[in-house]
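Single-structure report; data block below.
The values are calculated or read from the model by the stated rules, or taken from the named source; none is laboratory data. This one's a predicted model, so the numbers in the text were calculated from it and none came from an experiment. Cβ atoms come from the backbone with ideal geometry, glycine included; neighbour counts cover every protein chain shown. What goes into the accessible areas is simple: the full protein's heavy atoms, side chains included, and nothing from ligands, DNA or RNA. Shrake-Rupley method; radii C 1.70, N 1.55, O 1.52, S 1.80 Å.
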Amino acid sequence: MTVGEKIRKFRLEKNLTQKELAIMCRYSESAIRNYELGNRTPNINQLKSIADALQINVYALSDPSIDTYNGTIHTLFDMEDAYGLHPITAEDGQTYLTLDQSKCGPILESIYAWMKMFDKMKEEQITEEEYKNWKAKYPSND
């Protein structure tokens with residue numbers, strides 16, 4: 001989901017028009033419209049203003065970066081929406097992430113390929129360097 005699509009989604013959840021959101025942020029209605037259409041990209045200060053008006057965290061609007069805790073958790077939230085990812089606690093007390101297979105489509109095949117290569121590395125059938133090379137080339141025709 002693009003930044004503009006996220007702005008639109010949260011604006012509609014708050015039952016706001018583009019004009020109402022623009023007034024709350026002190027922006028023009030056309031600025032909000034152009035952000036939502038993807039014609040313009042708001043900078044971080046503009047995103048913060050929009051997020052504040054929508055009473056949400058700025059990370060919910062921005063493109064998540066997994067370099068930070070907040071970016072990582074919002075990436076997982078996006079994966080929840082897209083793929084049905086959610087945490088579960090097993091009987092042994094371990095926490096796992098699970099996917100709704102009906103929402104996964106082709107990504108499930110990629111996860112299985114990743115798991116297979118990871119297992120090969122852990123079982124020392126391939127080296128860590130071979131595993132890293134596989135990841136760097138993925139997807140490949142190998």
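Roughly speaking, to the nearest percent, how much of the chain's 1.4 Å accessible area is carbon and sulfur?
Values: 5060 of 10090 Å².
About 50 percent, which is the carbon plus sulfur part of the accessible surface.
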Query raised in the report: How large is the charge dipole for the chain, taken about the Cα centre, if only the Cβ atoms of Lys, Arg (+1) and Asp, Glu (-1) carry charge, to the nearest 20 debye?
Result: 920
Query raised in the report: Per residue, how many Å² of accessible area does the range 1-127 show with a 1.4 Å probe?
Result: 68
Report summary line: In whole Å, largest first, the alpha carbons of the range 29-108 cover along the principal axes 52, 26, 22
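Using the 2.2 N^0.38 Å rule of thumb for compact globular proteins, work out how the chain stacks up: its C-alpha Rg over that value, please.
1.38
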